[in-house]
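**Q** Here it is, the structure, as structure tokens.
The values are calculated or read from the model by the stated rules, or taken from the named source; none is laboratory data. Since the model is a prediction, treat every value here as computed from it, not as a measurement. Note that each Cβ is placed from the backbone with ideal geometry, even for glycine, and that neighbours are counted across all protein chains shown. Areas reflect the complete protein model, heavy atoms only, side chains present, ligands, DNA and RNA absent. Shrake-Rupley method; radii C 1.70, N 1.55, O 1.52, S 1.80 Å.
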Amino acid sequence: MDSATLLARITDYASRPNPYPLYAELREAGPVVPQADGSYLIGTYHHIAALLHDPRMSADPRTRGEATHKPPFLRLDDPEHHRLRTLAMRPFGPPHSPGRVDGMRGEIDRIARELLEPFEAGRQIDIVDDFAYPLPVTVICRLLGVPHEDEPLFRAWSDAIVAAADVRPGEDTAEPDKAGDQARMEMGGYLLNLAEQRRGKPGEDMLSAFANEPDPALRLTDEELAETAVLLLIAGHETTVNLITNGALTLLRQPEQLDRLRREPELLPRAVEELLRYEPPVHMRERIPHADIDVAGTLVPAGASVVLVLASGNRDPMRFRDPDRFDPARPDNQHLGFGSGIHACYGGPLARIEAYAALGALLPHLGSARLVEDPPPYRQNAMLRGPRHLPIHL
């Protein structure tokens, strides 16, 4: 097949259940594979890792004049990225709030157990709707201070924003882009209004911390607060849903590894790292060179779309031994599941705790469970890849 059509084939919905043969084709075609739409695909581990750390590569869509409004810090470059990420981190993690995420372990375990209470033998349940979605949504609502009853509101907004961020070669993206911008504006307004209500009467949540920062030099503007809160709310549950669901699906497909984890639960933290490598929640990231750059002998022009296929790098045999095998005790597992470099996943520590709690709570139920359909129906999104539903019979 023509390697110039690889991105179109990878993003084709028909490839969603198993894109890994296409990733192998990508790695075979070379470190840099030019595409028919003018983009460049990169699927080898060491080249992806190098480019994620390369300051010549921009995350900002305005680099090629696409976006007019300032994006969230996930899509900004330093020094502005560093400033906003640092301010967003103050109420979330070390050094200013070292105990916040770790202190939620007990609560996350309790939420997982409560969600599993209705799971009983003889029933059919959907891992996504009944467990993998409500768990991180409940956690991020508690963390940010969003009323859980408003969750249906931001589910629709999240869907629109995530659809706009997907990689869709050759498609007219005007409609989803417009819907995404509208959803981002409405969701940002909603979260800013919640933060305003906390000014002068803070709770223990992150919106309160943002709204009541005493130092003017460390205070987010209203626009920055809205954008940051939208990013945290979406990123705080979308990827974790995939991580938990992909994990459950992997274990149901590999009963010998499921049995091993039930016998050796101390392996769970390493199993979560292996899932982040083997079936990562985020499959690709886009970067844009500030200037013409040479990548492994190929000249990539300034302003081009460079698609780093993280999930392909995670299966690169030049980096991982026997990469297509799920090994919950795999040593030396420096995967790209949370990216790398300055944009490495902000919420990684929370996602790990949630996945560990979720899979630990699920293990006793999965031993006698069977998949209702395999492959299950997948989400439309090629970048945030995971099942839309995962029906199992207990």
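**Q** Check Ala217 against each of (1) more than 18 Å from Arg85 (Cβ to Cβ); (2) surrounded by fewer than 23 Cβ atoms within 10 Å (Cβ to Cβ); (3) modelled with pLDDT under 95; (4) not polar (S, T, N, Q) and name the one condition it does not meet.
**A** Every listed condition holds for Ala217 apart from (1).
**Q** Then there is this: Report, by residue number, each residue of segment 305-329 that is part of a loop (DSSP other than H, G, I, E, B) and either out of contact with any Phe, Trp or Tyr (no Cβ under 9 Å at 6 or more places or on another chain) or within 30 Å of Thr86 (Cβ to Cβ) (or both).
**A** Passing the criteria: Ser305, Val309, Asn314, Pro317, Arg321, Asp322, Pro328, Ala329.
**Q** Return yes or no: is Arg270 touching a residue at least 12 places away in the same chain (Cβ under 8 Å) and either among the basic types (Lys, Arg) or assigned to a helix (DSSP H, G or I) (or both)?
**A** Yes; evaluated as a whole, the condition is true for this residue.
**Q** Please list, ordered by residue number, the helices (runs of 4 or more DSSP H) wholly in segment 1-74 having 3 or more residues that are closer than 20 Å to Ala165 by Cα.
**A** 6-11
**Q** Among the residues of segment 137-155, are any within 27 Å of Glu286 (Cα to Cα) and either polar (S, T, N, Q) or open to solvent by 60 Å² or more (accessible area, probe 1.4 Å) (or both)?
**A** Within segment 137-155 (the criterion being within 27 Å of Glu286 (Cα to Cα) and either polar (S, T, N, Q) or open to solvent by 60 Å² or more (accessible area, probe 1.4 Å) (or both)), the answer is yes, since at least one residue qualifies.
**Q** Check Tyr278, Tyr346 and return the single one that is at pLDDT below 95 and under 16 Å from the mean Cα position of the chain (by Cα).
**A** Residue meeting the stated conditions: Tyr346.
**Q** Moving to a separate point now. Name the single residue, out of those in segment 66-91 being more than 21 Å from the chain's Cα centre (by Cα) and without any contact (Cβ under 8 Å) to a residue 40 or more places away in the chain, that is nearest to Asp292 (Cα to Cα).
**A** Once the filter is applied, the top-ranked residue is Glu66.
**Q** Take the residues in segment 13-26 that are at pLDDT 95 or above and open to solvent by 30 Å² or more (accessible area, probe 1.4 Å), then tell me which one is nearest to Gly386 (Cα to Cα).
**A** Pro17
**Q** May I ask you to verify whether Asp332 is in contact with a Phe, Trp or Tyr (Cβ under 9 Å, 6 or more places away or on another chain) and free of Cβ contacts under 8 Å to residues at least 12 places away in the same chain?
**A** Criteria met by Asp332.
**Q** On to the next question. If you check Ala229 against the conditions, is it part of a helix (DSSP H, G or I) and either surrounded by 23 or more Cβ atoms within 10 Å (Cβ to Cβ) or among the hydroxyl-bearing types (Ser, Thr, Tyr) (or both)?
**A** yes
**Q** Of all residues in segment 179-208, how many are surrounded by fewer than 18 Cβ atoms within 10 Å (Cβ to Cβ), over 12 Å from Val146 (Cα atoms) and either touching a His at 6+ places or on another chain (Cβ under 7 Å) or of a type outside the set (D, E, K, R) (or both)?
**A** The number of residues fulfilling the criteria is 6.
**Q** Okay, next question. Which one of these does Gln124 not meet: (1) open to solvent by 60 Å² or more (accessible area, probe 1.4 Å); (2) over 24 Å from Gly386 (Cα atoms); (3) touching a residue at least 12 places away in the same chain (Cβ under 8 Å); (4) of a type outside the set (Asp, Glu)?
**A** (2)
**Q** Within the set of pairs 6+ apart or on separate chains, which have a first residue in segment 276-295 that is more than 17 Å from Ala344 (Cα to Cα), a second that is in a loop (DSSP other than H, G, I, E, B) and aromatic (Phe, Trp, Tyr), and C-beta atoms under 6 Å apart?
**A** Note: pairs meeting the criteria are Tyr278/Phe326.
**Q** Pull up segment 100-141, narrow it to residues that are aliphatic (A, V, I, L, M) and in a loop (DSSP other than H, G, I, E, B), then point me to the one that is modelled with the highest pLDDT.
**A** Across segment 100-141, the extreme among qualifying residues is Val101.
**Q** Out of segment 27-59, which residues are over 29 Å from Arg321 (Cβ atoms) and open to solvent by less than 60 Å² (accessible area, probe 1.4 Å)?
**A** Gln35, Gly38, Ser39, Ser58, Ala59
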